[in-house]
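Contents: one structure, followed by commentary.
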């Protein structure tokens, strides 16, 4: 077979496997949005069948032979004759397919089946447990999942810590050894800023945001912002779910969800903007490469950089609200008609320790992540038993944030992730924040009129820039390569910290130490 | 392998195949309810992959070998040693699995893939064509589908007519030779009754039903009726779609849809009751046999008997409205508060030629079916070209009903079926009407207080009777066997005709010829 024919053959073989994964993703989306309660048990079976089939087809001898014709299966190194013959995208396609293949190959089909079934069931039990504030209900499921995830790490193999094997599933190349010092620096800086803020005389009027806001109007406003962001409703939709999320079956069908509470205006609003950022990434992946890694997101950290960039760098900026605040006042005249823009801006940027990660401010958000990182590291490394999680959780939240959750529903049960078997996922949120700060600075350099455009409600230049610099490349570059390519720098927490200091120094009126920070 | 082990093995192999079909059914449901418009092309690919995989796994050597260990693959006859060893359900399971297997075996995998993709695409084009009243838009898709369905008939093989091969997909054992005389008798009787009604001085006040009725309240009322019918919302849901339908992924997840128009009260109401009848059947199938024919409906005719029984024998009866009319008046006091029950009852039972099948009265409904039967027979037998369909449609509607559709949207484009490749499906509606009349008579015999219970809004005795006599058997009996078992009779149009004559003779005040008809 010629090089070209083999490559076409590989792509053609990957397509139907992706269809199975798409179908599984729809079954999961349905499970969290519309599935009747009674359908849960069979749904777990259906998902297990689909994912097992996708796995089995992916590790098939056919794909193995096709890959082997291009590269050394044990190292992933291209055979010499292909190094010059293949263009950069094709080389990346092979590199990343091999990466996925060699990982999948280590997992027995029966294990994939069991893990998928357990995840679907555990997610359903978690919904119930959170609703009824009953950790004990969820405990057996979580114990089984932890056992399976530790087993998975053993199958996959790792250096230093089994946690690295799981982390690598979400952020290829990231390690505990890299995260520990990064998080330590970040924590120190965040605590320093938090101390400034605690001593500040400025008191944002948070109660403005907890008046009664009609839920339908809230969702409609979220939809309006999504449209301005360039989220394409011909290729997407917005639904409600217990935990906001984004799912994609193809760049032409990318769905976001939000949740809405009458007395919590930021919840629905920032969930929409956040998930919209994710949605734009998925809608911006190249259709022509569908089914291959070139149409897949690089990593969860990069994915999260898109959501956090929109949520925080844009959605919590003065520029953004110059345009949108009058619109919001029109929708809620009784609640906001008399509230000055600056007061609203201060309220949505209030920094205060709180219980729920997804509702946390830009600053303390990362402390929530560190708590989770430390806990899941201990769980996966076997130092911490699952039954002790509530106690350890509460102790750590007190240590990091100085408050104690009043219930497990507002504590250890609040996040869906562990119920989905997603251990090693949380650190990508903080990585996303750091990436976002670096990327947004670069966008401001590359697009001189950006703040002004945002102030006029014109978010499309930014969307276009992200499409061009990030989305359209799929997995052609690694996260580190992309960052270097776009910003000329390696990952550093400095821009993120400087931006926080500049922003909150201004808002809370404390002296800033940094002179290089970039105004928003 | 022992007999029992082989049978367990067969069931275990069928399970995951059913999961694939469930997933495909969810993708189809989503396509008709929530899928964003742009996701249509990839959805067709995903469906084609799932159905092709399900097909390939079903005709696998493993299933072939398992079946061959029980029966003669060319005739389906059980090997002598199994005839006494296996109980009746197991024999039925093998008989029906063999039936499906030997049919599937005749279809090449590439054909299944192409047909599935074309159906998904054609369905989407049909939605657009109907909306814009543009038959030409739909024509190329329909032409391809007709070609594929004629090809399918050739693959499957048939006696007398290729149409028989397709009919058999929906109503096993039914033939053109059986339907022609049945429909001829029925037509003659229906025309006779219609003439009586045309000459009647009674004029139902149909305009009562086309006042403005709030759409949300209409859907809520539909939901109320569904709950009374015993439709389990823990194992189902009600959504909106262009064409009402029921879909099932498992007895624990059975979904119905309706449509709603502000100035057409019967449309949403009777769609809910109709689909609820289907839904009860699917929810009533035995969970323990999931994945096998023993947990599948017998035929579309029997399925339709359930929906029509609820819609007409119950939902258009005086007894039903004794309980529900006061409730409906409470919801719509301005529209119905002053309208006597009898006037309402007359209005919902008005017989009049109309354009839309699903909105047609009990009597003319079957004339709509005959038009479709004749047309699709001619198309599949090659006597009629697809491009001539609108003209032929209008001519036949005029011949049967004396009216001419003002547009193709209200004519040849009104039904989803052909866009789904469902040729041979329509006759099962009329068969369903005939089955329904026979079954409902039997229920009245078996449940002496039935009319009274219905009059008190207690629909559960009827639901329980249907669960017991029809639903729980799956495909253990053929349609003919079930009918014989439950009613002691073979299929006959007499009860249906007698019931219509009795009912409409009473309503339209014409003398009835039948003395055996049964009061409702």
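Just a few scattered comments:
- Any chance residue B:415 is touching a residue at least 24 places away in the same chain (Cβ under 8 Å), over 22 Å from the mean Cα position of the chain (by Cα) and buried (at least 18 other Cβ atoms within 10 Å of the Cβ): no
- Residue list for the range B:219-236, restricted to those being within 20 Å of residue A:31 (Cβ to Cβ) and either more than 14 Å from chain A (Cβ to nearest Cβ) or crowded, with 20+ Cβ neighbours inside 10 Å (or both): B:235, B:236
- Flag for residue B:22 being without any contact (Cβ under 8 Å) to a residue 40 or more places away in the chain, at the interface with another protein chain (Cβ under 10 Å from one of its Cβ atoms), within 22 Å of residue A:41 (Cβ to Cβ) and surrounded by 14 or more Cβ atoms within 10 Å (Cβ to Cβ): no
- Criterion (within 13 Å of chain A (Cβ to nearest Cβ), under 30 Å from residue B:242 (Cα atoms) and in contact (Cβ under 8 Å) with a residue 24 or more places away in the chain) met by exactly one of B:47, B:14: B:47
- Within the range A:288-310, being part of a helix (DSSP H, G or I) and closer than 30 Å to residue A:362 by Cβ holds for A:300, A:301, A:302, A:303, A:304, A:305, A:306, A:307, A:308, A:309, A:310.
- Candidate set from the range B:31-41 (those that are assigned to a helix (DSSP H, G or I) and surrounded by fewer than 22 Cβ atoms within 10 Å (Cβ to Cβ)); member that is nearest to the other protein chains (Cβ to nearest Cβ): B:38
- Flag for residue B:338 being surrounded by fewer than 20 Cβ atoms within 10 Å (Cβ to Cβ) and part of a helix (DSSP H, G or I): no
- Each residue in the range A:267-286 was checked for being within 14 Å of chain B (Cβ to nearest Cβ) and under 14 Å from the mean Cα position of the chain (by Cα), and 2 of them qualify.
- Residue match in the range B:380-400 (condition: closer than 30 Å to residue B:318 by Cβ and in contact with a helix residue (DSSP H, G or I) (Cβ under 9 Å, 6 or more places away or on another chain)): yes
- Test: residue in the range A:258-266 that is away from chain B (no Cβ under 13 Å), over 21 Å from residue A:27 (Cα atoms) and in a strand (DSSP E or B): yes
- Answer from A:358, A:404, A:314, A:351 - the residue that is farther than 27 Å from residue A:458 by Cα and either at pLDDT below 95 or surrounded by 16 or more Cβ atoms within 10 Å (Cβ to Cβ) (or both): A:351
- Counted residues, the range B:431-457 - those being in contact (Cβ under 8 Å) with a residue 60 or more places away in the chain and not in a helix (DSSP H, G or I): 2
- Candidates A:53, A:78, A:94: the one that is under 30 Å from residue B:237 (Cα atoms) and either in contact with a strand residue (DSSP E or B) (Cβ under 7 Å, 6 or more places away or on another chain) or within 10 Å of another protein chain (Cβ to nearest Cβ) (or both) is A:53.
- Filter result for residue B:260 (surrounded by 24 or more Cβ atoms within 10 Å (Cβ to Cβ) and touching a strand residue (DSSP E or B) at 6+ places or on another chain (Cβ under 8 Å)): no
- Per this entry, residue B:186 is counted among residues that are in a helix (DSSP H, G or I), outside the structural domain of residue B:482 (by TED's automatic domain parsing) and within 22 Å of the chain's Cα centre (by Cα).
- Filtered residue count, the range B:232-257, keeping only those that are outside any strand (DSSP E or B) and over 17 Å from the mean Cα position of the chain (by Cα): 6
- The requirement of being free of Cβ contacts under 8 Å to residues at least 60 places away in the same chain, outside any loop (DSSP other than H, G, I, E, B) and either touching a helix residue (DSSP H, G or I) at 6+ places or on another chain (Cβ under 8 Å) or outside the structural domain of residue A:366 (by TED's automatic domain parsing) (or both) is fulfilled somewhere in the range A:204-212, by at least one residue.
- Output for the range B:75-94, where each listed residue is closer than 29 Å to residue B:52 by Cα and touching a residue at least 24 places away in the same chain (Cβ under 8 Å): B:76, B:89, B:90, B:92, B:93, B:94
The values are calculated or read from the model by the stated rules, or taken from the named source; none is laboratory data. These numbers come from a predicted model, not from an experiment. No Cβ is skipped: glycine too gets one built from the backbone with ideal geometry, and neighbour counts run over all protein chains shown.
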